[in-house]
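These notes are about the structure you will find just below.
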Amino acid sequence: MITRRYIAIAFCFAALAGLFALLDHPRPVRAQQTTHLQIASISVSADQTLKYPNTAPTPYLQYFPDEHMTFFPPASSSSPYVLFGASAVAGGGNGQAVVLESTDLRTFTFATDLGYSPVVMTTPNPQGACTPAFANEFDEDYAAPGFVAQDPTLPAGNLVMLYEAENHCVNGVYNSGDGYFSTGFARSSDNGKTWPGPQNSPQGGPNRYPVLQTISTPPTTLTAGVGNLAGAGLVDKSLDGNYYLHATYQDPNTSEPQFRVARGQLGQSTVSFMKWSNGSFSQPGIGGTDTPVVSKACGGHHGQASLYYVDDISLYLLTFVCSSGSGASAMEAWYYSTATSLDLQDWSAPQLIQNSQFPTTASSSCSVNLFDGSYPSFMSPGADTGHIKLTGTVFLTNGCLLGARTFVSRTFTITPQPQPAPVLTSGSLANGATYVSGGLVPGSWAQVKGTGMANVNRIWTGYDFLGLNNNLPTSLSGVQVMVNNTLAAVYYVSPTQVDFQVPTGITGTASVQVINNGTISNTLTASAAASAPGLFPNTVNGVNYPAAVYASGQFFVGPSGVPGYLAASPGYHIELYATGLVSEPGGVIPAAQSINGVTVTIGSVTIPADFAGQTPYVGEFQINFTVPQQFATMPAGNYPISISLNGVSSPTTVNSSPPGQLVLPVQP
C-alpha cells in the first residue's frame with residue numbers, strides 16, 4: 001500500500017514541505033536488513049596510474065595515502081568528488097588530514113577552490129619532533145583521518161571523523177616505530193573545512209578526543225607500541241532505531257586477527273564507544289577488552305580493515321589485508337567477509353579477493369617490506385559515503401608504509417551468487433493510489449507485488465539522479481521495470497513490492513516485468529488508460545481517509561481527537577492528492593500545470609474543484625475544494641469521497657489492508 005511505497009503519507013506532506021522534491025531526500029543510511037544475496041566472489045583489476053600533487057611546487061603530498069580514504073559523492077552533476085585522506089604535506093604545516101577533489105577519479109588536486117586548506121586538522125608537533133609541553137597529548141604528532149562521514153542526526157555539513165592518533169614522544173624521545181596509539185574522534189560543522197585544534201590533554205577536549213584506547217594515559221617509559229590504532233568506519237542505523245558510528249581498529253598486542261570493531265551512538269554531544277567483546281558491544285572504548293569479529297584468514301598479520309554497505313545486495317562488507325609466509329615467499333592479499341547485521345556482527349568466513357595477492361619485498365630504503373595493496377579503500381560512483389555497488393574503484397598505496405609510495409587505483413567487481421527470478425503475483429499490477437488492478441496512466445504511479453523482486457528496501461535518493469539532468473532513475477539497486485518493453489522510472493523497491501511510473505505512450509494493455517540484477521520475472525498484464533484518477537488514502541485507526549491537508553497547513557484531514565487531525569466542516573478549504581488524473585510525460589520531472597473540469601463528490605453532493613493540477617512532484621496531482629455549506633444541515637459522519645474528470649471517477653473503495661471505503665469525516 002502507499003506506506004509500503006513511502007508515498008502514502010508523503011502525498012499531503014508534499015504540499016507542506018516538498019517531501020517529493022526529487023533531489024532533497026535524506027542520505028541513504030540504511031537500517032539493517034535480512035534479505036540479501038550472498039557474494040560469490042570479488043575481483044580486482046591491475047593497478048591504474050593516477051595524477052595527484054606529490055611533487056614540487058609546495059604544497060604537495062609527501063606520503064599519500066597514509067591511512068584509508070573517504071570519498072564524498074558530487075553534490076551535483078557539475079561538482080567534484082571530495083576525498084578525505086592522510087599525508088604529510090610539504091609546505092602545509094603540522095598535521096596529516098588532507099582534502100583532495102576530482103571530477104574523473106583519475107586526476108586529483110588539493111580542494112582549495114572549495115575552501116579547504118592543504119591541511120585541515122593540525123597537530124602540536126610536526127611528525128618526528130617532540131615538545132615536553134605536549135608530552136601527555138594523545139595525538140601529539142600524528143592525527144590522520146581513516147573515515148569521515150555526515151552525522152545523520154545533525155544538519156548537512158556536520159561531519160564526524162575517526163582518525164589515527166599517535167604520540168611517539170614517550171619520555172620525551174621520538175620513536176617512529178613505537179608509541180602510544182588511540183582512535184580519535186572529531187567533529188566539523190562546515191563540511192570538514194575546519195576541525196578543532198589540538199587539545200593538550202590525555203582526554204582531549206570538546207569535539208576532539210580519544211574514543212578507543214587500551215589505557216587512558218600515555219606510558220612514561222618507552223615500550224613497544226601500545227593502544228588502539230584506527231582503521232576505518234561506517235555510519236549505519238541500528239535495529240534499535242539509533243545511528244551508530246562503527247569503527248574498525250587494531251590492537252597490536254593481541255592475537256590475530258588483531259583488528260576489532262567498536263561503535264558509538266550518534267545524536268549525543270559526547271560520543272562514547274563500546275567495543276565488541278564475546279558476542280556484544282559490551283566493553284568501554286577506553287580501557288575495555290575486545291574480541292575478534294572474524295576467523296583467521298591467513299597465517300600472518302590481519303589489519304587495515306574497512307567497513308562498507310553494498311547497496312545492490314543489502315550486505316555489509318568487511319575488507320582487510322592479510323600477510324602470510326616469510327622471506328622470499330612472503331605474500332600479502334586482500335580478504336573480505338560479509339554480514340547481514342552490524343548489531344550481530346555475523347560475519348562470514350573470510351574469502352580471498354581475486355587478483356589482490358602480491359609478494360612483499362625487502363628494500364634498503366624501507367624499514368618494512370614493500371607491498372602493492374596497503375589501505376585499500378573501496379568506492380562506487382553514485383553511492384553514498386561508505387556505501388558501494390557491485391562495481392567501482394579501490395584506491396590504495398603501492399610501496400612503503402613508512403616511506404616512499406605511490407597512489408594508485410584498481411577497479412573491482414562483486415559477483416553475487418545466482419539471482420532467483422522474481423515471481424509477480426497475479427492481479428497485483430495496480431494503480432499506485434487505489435491499489436485497484438489496472439488503471440495504469442502514463443506519467444502516474446503504479447505498483448506490482450510478488451516475491452524476490454529486490455534484495456533491498458529503499459526509495460530513490462538524490463544520488464540516483466546524479467547525471468540524469470531532468471530524467472528519472474530507471475534502476476534502483478539493480479531493480480528495473482519493463483512496461484511494454486520500455487524501461488519505467490522506479491521509485492521504491494522491496495522484496496515484495498515495486499512502485500514505478502508508467503512510461504509515456506502506454507495504451508491498451510500494459511505488460512509488466514521486473515528485473516532483479518539481471519534475472520527477469522514472469523509477465524503480468526493490466527489495462528492502461530488515459531485517465532484513471534485515484535485518491536491517495538491515509539488509513540487512521542482502520543479507516544481510509546483521503547491523503548489531504550487543510551489549506552492552512554495546520555492539520556491533516558481525519559478524525560478529530562487524533563493528534564494532528566481534524567474533521568471537515570462547511571467552508572473548510574481542503575487539498576487532496578491523487579495520481580492518474582490525466583496522462584503526463586513519463587520518465588522526466590514534471591512541470592506544474594492546471595487542469596480544468598475536475599469535480600469532487602462527497603456522499604451525494606458534487607461540486608467543482610476550486611483548483612486542480614499536476615504538481616511539480618512526479619505522478620502527483622493536487623485538487624483543492626471547499627466543503628459545501630449544505631453539510632451544515634446534514635448529519636455528522638464519514639461520507640464517501642471521489643474525484644472525477646470527463647466522466648471518469650476515482651473509486652470510493654480502495655484495496656487497502658483491509659480493503660475499505662475512502663471517506664471524508666464531516667462535522668457540521
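What the table shows:
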quantity: Per residue value of the accessible surface for the stretch 523-659 (all protein chains in place, 1.4 Å probe), Å²; calculated: 40 Å²
quantity: Solvent-accessible surface (1.4 angstrom probe) belonging to residue 437, in square angstrom, nearest 10; calculated: 70 Å²
quantity: Distant alpha-carbon pairs in the stretch 514-592 (separation over 16 angstrom), percent; calculated: 67 percent
quantity: Scattering profile of the stretch 596-662 at q = 0.19, 0.26 Å⁻¹ [log10 I(q)/I(0), Debye over alpha-carbon scatterers]; calculated: -0.86, -1.21
quantity: Stokes-Einstein translational diffusion, the stretch 326-445 - Kirkwood Rh over all Cα pairs, 1.002 mPa s, 20 °C, in µm²/s; calculated: 114 µm²/s
quantity: Pairwise Lys count, the chain - Cα closer than 27 Å, eight or more residues apart or different chains; calculated: 9
quantity: Residue 586 long-range amide H proximity, modeled H, under 5 Å; calculated: 443, 504
quantity: Value of relative contact order over the stretch 162-286, rounded to a whole percent, pairs C-alpha under 8 Å and six or more apart; calculated: 20 percent
quantity: Surface accessible to a 1.4 Å probe, residue 387 within the full protein complex, Å²; calculated: 10 Å²
quantity: Ratio Rg/Rh, restricted to the stretch 394-461 and using Cα atoms, in which Rh is the Kirkwood radius; calculated: 1.36
quantity: Compactness of the stretch 453-601, expressed as Rg and Dmax over alpha-carbon positions, Å; calculated: 18.2, 54
quantity: The chain, accessible surface, carbon-and-sulfur percent (1.4 angstrom probe); calculated: 52 percent
quantity: Accessible area (Å², 1.4 Å probe, nearest 10) - residue 320; calculated: 0 Å²
quantity: Space enclosed by the convex hull of the alpha-carbon atoms of the chain, per residue, Å³; calculated: 156 Å³
quantity: Volume per residue of the C-alpha convex hull in the stretch 515-664, rounded to whole Å³; calculated: 152 Å³
quantity: Estimated vicinal HN-Hα couplings, Hz - the stretch 656-664 in sequence order (Karplus 6.51, -1.76, 1.60; Gly, Pro = x); calculated: 6, 10, x, x, x, 6, 8, 10, 9
quantity: Tail beyond 20 Å, pair distance distribution of the stretch 269-409 (Cα, percent); calculated: 55 percent
quantity: Relative contact order %, the stretch 452-592, counting alpha carbon pairs below 8 Å whose residues are six or more apart; calculated: 21 percent
quantity: Sum of -39500 (n - 2.57) over DSSP H runs of 4+, divided by residues of the chain (222 nm, nearest 500); calculated: -500 deg cm²/dmol
quantity: Length-normalised contact order of the chain in % [C-alpha pairs under 8 Å, at least 6 apart]; calculated: 11 percent
quantity: Positive-end residue, the chain charge dipole about Cα centroid, Cβ charges, pick of 616, 634, 269; calculated: 634
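The values are calculated or read from the model by the stated rules, or taken from the named source; none is laboratory data. All of these numbers come straight from a predicted model, not from anything done at the bench. Cβ sites come from the backbone with ideal geometry, for glycine too, and all protein chains shown count toward neighbours. Areas reflect the complete protein model, heavy atoms only, side chains present, ligands, DNA and RNA absent. Shrake-Rupley method; radii C 1.70, N 1.55, O 1.52, S 1.80 Å.
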